Amino acid sequence: MQVLGLCRFSYPALGGFQVGHDTTADRIAYLYDPARLEERFRLFETVALPCLMAQTDPDFEMIVLVGDRFPPVHLERLKALLAPLPQARIVVEPPRPHREVMKEILNKARHARSDPCVQFRFDDDDAIAVDFVAKLRKAVDDAAPLLVQHKSVALDWNKGYVAEFGADGITATPSFRPFYTAALAIFVNAGCPLTIMNFAHDKLPRFMPALSFPDPAMYVRGHNGFNDSRQKNARAVDLSPLRTEEEILFKDRFAIDIDTVRRVFAKG
């Protein structure tokens, strides 16, 4: 069964952001601001990529979407970071309506519409557990009698961590949030054109059956200065430095190494 992931890497979509901009040029200027991009790359390198490279089931595909005016020097940097992950490929698109372009990319990536697939979205500052793909396949096998009766079914792992990363290391707190962006997927049945990008992540249960699994430590949701979802009256989250056992858990479950985080974020 095909497993597809989609990561929007500073793609200047028309819509799809909670932070508003008057023009596409304004959005591009915001997304490609050097300070913002530097933070995104550091998070991508230390948080998002390691867990993908460490998946216990490597049979998945990751599409990384960038804009057609993404600065060439940064495109080369992105290619270099993705080189050790053969499952990943970069797709370049001009600014287009957010859901339209995401749905089109996912449906084009399906090997055959006549076969079912599983899709997940992946933010460039988040992490999923190293057995996430394996758990997706097991969930599909376990729930097969339900899945075959519906066009699509949401698959959700609702426990993880919220964390911040910097030169001082990692601060975090346990999180329980059903249908968060991270560790969320949908099964799409054969012949169905729906994608995970047809719906807001927290509204999936309104439109399809949903299975939520309480397995511990399945995602890390990154908090940082450029979180789109945290720019408008976001609720403060109380984070604490990782304890020794949590440092081990982050390494084992998410392939996030605290010493690497410190080193990368300490760069000038």
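The values are calculated or read from the model by the stated rules, or taken from the named source; none is laboratory data. Keep in mind the model is a prediction, meaning the values are calculated, not measured. Ideal geometry is used to build each Cβ from the backbone, glycine not excepted, and the neighbour counts take in all protein chains shown. Surface areas here come from the heavy atoms of the whole protein model, side chains and all, with no ligands, DNA or RNA. Shrake-Rupley method; radii C 1.70, N 1.55, O 1.52, S 1.80 Å.
Structure summary
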| read-out | value |
| --- | --- |
| Candidate set: the range 125-146, residues that are open to solvent by 10 Å² or more (accessible area, probe 1.4 Å) and touching a residue at least 12 places away in the same chain (Cβ under 8 Å); chosen: the one nearest to Asn224 (Cα to Cα) | Val130 |
| Single residue of Ala13, Ala109 found to be of a type in the set (Gly, Ala, Ser) and modelled with pLDDT of 95 or more | Ala109 |
| Number of the condition not met by Val264 [criteria: (1) at pLDDT 95 or above; (2) not in a helix (DSSP H, G or I)] | (2) |
| Inter-residue pairs, beta-carbon under 6 Å, first closer than 24 Å to Asp252 by Cα and in the range 217-239, second at pLDDT below 95, 6+ apart | Tyr219/Ala182; Arg221/Ala182 |
| Residue match in the range 67-80 (condition: open to solvent by less than 50 Å² (accessible area, probe 1.4 Å) and in contact (Cβ under 8 Å) with a residue 60 or more places away in the chain) | yes |
| Considering residues of the range 81-100 that are under 17 Å from the mean Cα position of the chain (by Cα) and more than 18 Å from Asp57 (Cβ to Cβ) only, the residue most open to solvent (accessible area, probe 1.4 Å) | Arg89 |
| Search result, residues across the range 101-124 that are open to solvent by 50 Å² or more (accessible area, probe 1.4 Å), closer than 30 Å to Glu39 by Cβ and of a type in the set (Asp, Glu) | Glu104 |
| Some residue of the range 164-182 being modelled with pLDDT under 95, of a type in the set (Gly, Ala, Ser) and in contact with a strand residue (DSSP E or B) (Cβ under 7 Å, 6 or more places away or on another chain) | yes |
| Qualifying residue in the range 1-20 (condition: of a type in the set (Gly, Ala, Ser) and in a helix (DSSP H, G or I)) | no |
| Cβ pairs under 8 Å, 6+ apart, first in the range 16-43 and of a type in the set (S, T, N, Q), second assigned to a helix (DSSP H, G or I) and modelled with pLDDT under 90 | Gln18/Asp228; Gln18/Ser229 |
| Hits in the range 82-110 - residues which are touching a strand residue (DSSP E or B) at 6+ places or on another chain (Cβ under 8 Å), free of Cβ contacts under 8 Å to residues at least 40 places away in the same chain and among the small types (Gly, Ala, Ser) | Ala88 |
| Leu43 vs. criteria among the aliphatic types (A, V, I, L, M), surrounded by 15 or more Cβ atoms within 10 Å (Cβ to Cβ) and touching a Leu at 6+ places or on another chain (Cβ under 8 Å) | no |
| Filter result for Ala182 (crowded, with 16+ Cβ neighbours inside 10 Å and among the aliphatic types (A, V, I, L, M)) | yes |
| Test: residue in the range 150-171 that is surrounded by fewer than 18 Cβ atoms within 10 Å (Cβ to Cβ), at negative phi, without any contact (Cβ under 8 Å) to a residue 24 or more places away in the chain and over 16 Å from the mean Cα position of the chain (by Cα) | no |
| Some residue of the range 17-28 being open to solvent by 50 Å² or more (accessible area, probe 1.4 Å), of a type in the set (Gly, Ala, Ser), modelled with pLDDT under 95 and closer than 24 Å to His223 by Cβ | yes |
